[in-house]
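Derivation of every value follows stated rules applied to the coordinates shown; laboratory data play no part. Nothing here was measured: the structure is a model prediction, and the numbers come from that model.
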Amino acid sequence: MYRGEFFPAPLTRRSTLRAAACGGLATFMGLPVRALMAKDGQGGTRRPAKADSVILLWMNGGMSHLDTLDPKPGTAVAGEFAAIRTSVDGVAIGEILPTVASQLHHATIVRSILGESNNHEPAKHHLLTSYAPVRELVHPSLGSIVAHQVERLDDLPAFVSVGGGEPPSAGYLGQAAEAYFIGEPGKPDPTIALPEGITRVRSQRRLEVLENLNGRFAVPGGLVDAVGGSYAAAVGLMRSPALAAFDLGAEPAVVREAYGDTEFGRGCLLARRLVEQGVRFVQVNFGDFDTHSGNFRTMRGLGAIMDPAIGTLLRDLASSGRLDRTLVLLMTEFGRTPDINEGTGRDHHDDVFSVLVAGGGFKRGFVLGSSDSEGREVAERPVRIADLHATIVDQLGIDPDRLVDTHLGRKIKLIDDGTVLKDMLT
């Protein structure tokens, strides 16, 4: 995603794990130094964190705000779906989200997000990084920022991306902030097992040989140290009892059924288990909400998958008390047009759309801002994307104005100029 000529495809934890299992060095040959080096800047945390971890539920393709979080019942733009009551007095959402409606007292809806692009890739980049894309620089995603800034716990990766293909880039933050990718939640990852014919003893001997070779030309803080750190993290994960967090079979059948026997349902259940084990950021990717035709038929099908998973995730985190320290975000790149086209579809619409935020010091049972009567424009309390990002990282104890180095030889803020939204915090 916008890696451009300055950043080839980064070294991933998946490739690191595979190389560590074999004990080989060839995996790393030919990679540029900058793909492995994370650079620290200046600054630090501003205050004690109100949240320890984040679960980002990414709705790919541009989810219709009018059919989900910001319905307009009784208007010409309402379409086929009714608005239903929620657990928050006076607040209604789309009928395809009944389980979410029952748990809305745990969450805040922001109905006044201002986008800056109605094209998928630029909008996705903006929502995930807080920055509009530029050719000269790859901005890190929110998950990479959290992985880079918040202390890692246990042997599990700090940032895990579930489903949806290639995870977002860590950009100038380097290898240490890259996501560990899980393609199919609930299935064993072959890269965390030794290859056939390679015993643990044999693998350990290979690693010792590699360490001796590296020691002959290592420079403190250089490329060899970066690679060594990747190997150490990979081996630690392969041998860690924390790997049990990936085993969804350990959950009772009734719990698995509540999330739904779908990839997204399993992804949300996995996300809950991972943050319980100390993973700092989990991004679960879902769907194709690009409903230019057949919007209502498609949204009904997508709603049947997303609703039980999201609602059950909120319920479980709240009932265990973990929602107090876990941020749950439901985001997408933009909304959809109020006007319904000739193919019963809705087109791209970035003038106003909605997100949902729960836990981690955010108000519960709250709505911030509003769109106009037809969901075309912001009516009250406009919220910029950078404001939302600044608020999220601030709750994690990260200074949104912190400066870090880039390969361009200049410092840049972790978050684009944004203002913390104090009126949505407890």
- Message: Can you give me the long-range amide H partners of A107? Hydrogens built in the peptide plane at 1.01 Å from N, cutoff under 5 Å, separation of 5 or more residues or another chain.
- Response: G365, F366
- Once phi is turned into ³J(HN,Hα) by the Karplus curve 6.51 cos²θ - 1.76 cosθ + 1.60 with θ = phi - 60°, what whole-Hz value does each residue of region 278-283 show in order, with x for glycine and proline? x, 5, 7, 8, 10, 10
- Item | Nearby aspartates and glutamates by direct alpha-carbon distance to K50 (threshold 14 angstrom, same-chain neighbours under 8 apart not counted) | D324, D394, D399
- Under a straight-distance cross-link criterion of Cα-Cα below 26 Å, which lysines are reachable from K72, leaving out those fewer than 8 residues away in the same chain? K124, K363
